[in-house]
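What follows is a set of notes on a single structure, which appears directly below.
What follows is calculated from the coordinates using simple rules that are stated; it is not laboratory data. Bear in mind the structure is a predicted one, so any value in this text is a computation, not a measurement. Note that each Cβ is placed from the backbone with ideal geometry, even for glycine, and that neighbours are counted across all protein chains shown.
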Amino acid sequence: MACKQIAALVQRAPISNLTGIQGAVNVQGADQKKLDVVSNEVFSNCLRSSGRTGIIASEEEDVPVAVEESYSGNYIVVFDPLDGSSNINAAVSTGSIFGIYSPNDECLVSDNDLELGSSFLAVGYCMYSSSIIFVLTIGNGVYGFTLDPMYGEFVLTKENIKIPKVGKIYAFNEGNYQLRDDKLKKYIADLKDPGPSGKPYSARYIGSLVGDFHWTPLYGGIYGYPRDKNSKNRKLRLLYECAPMSFIVEQAGGKGSDGHQRILDIEPTEIHQCVPLYIVSVEEVEKLEKYLA
Ligand code: P6P
């Protein structure tokens with residue numbers, strides 16, 4: 001429901017004057033876009049009205065928000081309501097990412113309260129692109145749905161997605177190359193080496209996690225957001241970006257790592273903490289881990 005509403009808002013953004021910034025900054029210090037705020041409201045309201053949600057932790061909220069008593073359930077839902085929103089003005093793919101954690105007594109999301117890998121009940125993302133694609137796992141495989149604009153309903157279009165073990169596509173922001181450590185520079189340089197096959201890896205990058213990620217389960221390859229000299233644990237958030245995407249990838253036979261350990265083995269220490277992310281084809285991620293060892 002929320003993703004359908006956000007899809008409509010994104011597609012009409014230039015018409016309804018919903019491009020551009022809201023004028024506030026979020027807890028990460030990033031300019032909140034108008035659609036960030038609206039999408040956050042849409043997601044939060046849909047979750048509240050479900051009557052099953054106890055706590056929501058959103059990229060757009062400084063701290064976790066308890067759903068008021070009359071509506072509350074006890075599931076914990078983390079989400080990034082509109083990831084990549086800086087691309088809205090250019091009509092480039094954006095997405096919503098969510099993860100539903102199993103209920104617990106206090107229903108709190110606090111230090112060491114979650115073991116990421118064992119608690120997820122359901123994870124999904126919705127990509128707002130040339131098609132509106134909803135990808136979901138409830139812990140037994142990964143399924144893709146496409147929004148049919150004729151009927152306003154999502155229809156199953158990809159059953160039991162399986163990630164290729166290898167792939168010749170990589171998605172890294174090459175602009176940060178000089179900020180990276182030598183081991184990573186060597187890894188990226190070797191991807192560009194045509195080698196005996198005469199064919200180097202192909203680079204793909206649009207600066208929107210869901211859009212940069214979505215092709216990889218289909219074609220195989222690696223998406224990376226490394227740490228760099230400007231920031232130890234640059235940019236992507238563990239709880240509502242890296243962990244949900246890693247859960248999906250593992251369900252489809254892939255791997256999510258911070259370069260040294262499984263993302264889902266990392267115990268969260270705070271809601272908006274960032275970690276490096278290297279994800280998708282097992283053999284590509286393991287090759288990178290060897291470079292970084
Ligand atoms: P950079 C969008 O703001 C985002 O959080 C992710 O969607 C995306 O992968 C990343 O930032 C892009 O960051 O530094 O490459 O522009």
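In table form, for the structure just shown:
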| read-out | value |
| --- | --- |
| Relative packing of peptides 54-66, 182-194 - highest average C-beta neighbours within 10 Å first | 54-66, 182-194 |
| Length-normalised contact order of the chain in % [C-alpha pairs under 8 Å, at least 6 apart] | 16 |
| Per-residue HN-Hα couplings for region 70-80 [Karplus 6.51, -1.76, 1.60; θ = phi - 60°; Hz; x = Gly/Pro] | 5, 10, 7, x, 9, 7, 9, 10, 10, 7, 10 |
| Check: the chain dipole with +1 on Lys, Arg Cβ and -1 on Asp, Glu Cβ, in debye | 1300 |
| For the chain, calculated [θ]222 nm from helices alone, where every DSSP H run of n ≥ 4 adds -39500 (n - 2.57) | -7500 deg cm²/dmol |
| Zone of I15's modelled label, taken as backbone nitrogen in region 140-183 under 18 Å from a point 7 Å along Cα→Cβ | 148-153 |
| Contact order relative to length of region 215-293, as percent, for alpha carbon pairs under 8 angstrom and 6 or more apart | 40 |
| Separation of the N140 and A189 label points, Cα + 7 Å toward Cβ, nm | 5.0 |
| For I132, residues with placed amide H under 5 Å, excluding near neighbours | L147 |
| Kirkwood Rh (inverse of mean 1/r, distinct Cα pairs), region 178-275, angstrom | 14.8 |
| Sequence-distant lysines (8 or more away, or on other chains) whose Cα lies within less than 20 Å of K290 | K165, K168, K183, K185, K186, K192, K232, K255 |
| Sequence-separation-based contact order of region 149-281, relative, with Cα cut under 8 Å and 6+ spacing, percent | 30 |
| Most fluctuating residue given options M127, M245, M150, as computed from a GNM of the chain linking Cα atoms under 10 Å | M150 |
| Convex hull per residue volume in Å³, alpha carbons only, for the chain | 135 |
| FRET E, pair N89, K290, Förster distance 45 Å, beta-carbon r, rounded to 0.05 | 0.65 |
| Label-point separation in nm, S231 to N45, each point 7 Å along Cα→Cβ | 3.1 |
